[in-house]
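To start, the structure itself, in structure tokens.
Derivation of every value follows stated rules applied to the coordinates shown; laboratory data play no part. Small disclaimer: the values here were computed from a predicted structure and weren't measured. So basically every Cβ, Gly included, is an ideal-geometry build from the backbone, and we count neighbours across all protein chains shown.
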């Protein structure tokens, strides 16, 4: 029968989608927004990619690239939010794809959407924690002489991932408390950093420098090409806002609060990120010294030059703590996606990753898969100087392909799409078309070489990683999965893929409880 989306209660709508209300609805609309805002984390993405942006376009692209990408991300988010309002369930993007795809190909659309989502989330975890390790290495170098070398950074990367895995395994209540602190830490942190950079230094760069100075230190001669690949700085930062959709089963007034959480997290981050990037760029004292800083972290050098050693290191600690918060949240979200996807048997050894720890009622094995997969993605940094940019490319490509598929399917449904109470009205089609075109553009852009000439040391291995995952998922689909994935009539799905008889794990919001 037709679904009465606008008038249904949260529980009724969930039942219409085939689920029984199990998780407690304790989250407010603000809490829903706050999780996505924390995972976007301008103090992580903006700052860890700032050095990349200095070489690929410089101040002009750091500033205007953020403005353009923020606007386009808002378009993508609006399209996602409309779908979220119709399907407010934590099953997420691959569930949306399954509901909206043509009947004969539903499972295929869901399968590949889920794989792109898993790839993107593992890479985002790698990018966030690798960035935190780089900043931590810079601090340890300044404070204790622990040199910023690839080996040291990788060791710290492993330690940060280990910390986040342990916290998500044994410290569920502590994670909940730390995530409640994280939002305010980010907001206050941006105000403190920008305020200090505006008030303390005697010298600031000119406005023309901040908004018009173009720099190309990539080895490529085309300014247009360099400007386009510089968009990775902003686009990588604007990831993770699908967390608001994953949490809808635990959010009050989910069909409205979930979409609002997506959109608000984007535009608030857009404003905060612009202020942060402008504040940093105005405060640069020595351009060449900042680009070639021995710490390997240009923002750290800006803090030191503009504020002095003591204040600079203090602000560096503020950033590191924010990045650690962000990485912890990313591991939580990543593990829940792995849990959900393995529940449908879609990962190798799904029974292992779907197993629930009876003491903590969390998918412990999924947590360690998320951390282990992220560590593997970061290892090429030992031999490849552009490895971090490649990891961020993989994260951005994987997640945005997963974001775009439901939007594409929603466009294909046309008037047959059943709108929720939060929708775009007559703007649905143009917004959806622009969103799809933008994702297609950035998918191609971020697979291209970022430094020239292309050597083993500078090769962007993002296409290899994406092709490997897509090839594996495609072969598995053709050989086996197309017969049983999301097919309730198949004998493989007769018994649940549970490794224990424990109750289902808490939803993602149990690690984001306010």
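Can you give the Rg to Rh ratio of the stretch 336-383, both from alpha-carbon atoms, with Rh computed by the Kirkwood formula? That ratio equals 1.09. Counted by neighbouring Cβ atoms within 10 Å, the residues 136, 470, 47 run from fewest to most as 470, 136, 47. Reported value for the stretch 273-388: 153 Å³ per residue, from the convex hull of its C-alpha atoms. Note on 73, 63, 237: ascending count of other Cβ atoms within 10 Å places them as 63, 73, 237, the fewest first. Max-minus-min Cα coordinates of the chain on each principal axis give 68, 50, 44 Å, with the largest extent listed first.
Helix 106-144 versus the longest principal axis of the chain: what is the Cα-based angle in degrees, 0 to 90, to the nearest 10? Result, in degrees: 30. Protection proxy ranking, highest mean first, for peptides 286-294, 387-395: 387-395, 286-294, where packing is the per-residue count of other beta-carbon atoms within 10 Å, averaged. Principal-axis analysis of the Cα atoms of the chain puts helix 309-343 at an angle of about 20° to the longest axis. Contact order for the stretch 333-457, expressed relative to its length and based on alpha carbon pairs under 8 Å spaced 6+ residues apart, stands at 20 percent. Working from Cα pairs under 8 Å separated by at least six residues, relative contact order for the chain is 32 percent.
Sorting 84, 46 by the number of Cβ atoms found within 10 Å of their own Cβ, with the fewest placed first, yields 46, 84.
Across the stretch 120-192 the C-alpha pair distances fall into 10 Å bins from zero in the proportions 18, 37, 38, 7 percent. Scattering from the C-alpha atoms of the stretch 137-235 alone, worked out with Debye: what is log10 I(q)/I(0) at q = 0.12, 0.18, 0.22 1/Å? Those come out to -0.83, -1.22, -1.13, one per q. Which angle between 0 and 90 degrees, to the nearest 10, do you get for helix 298-307 versus the longest principal axis of the chain when only C-alpha atoms count? That helix lies at roughly 50 degrees to the long axis.
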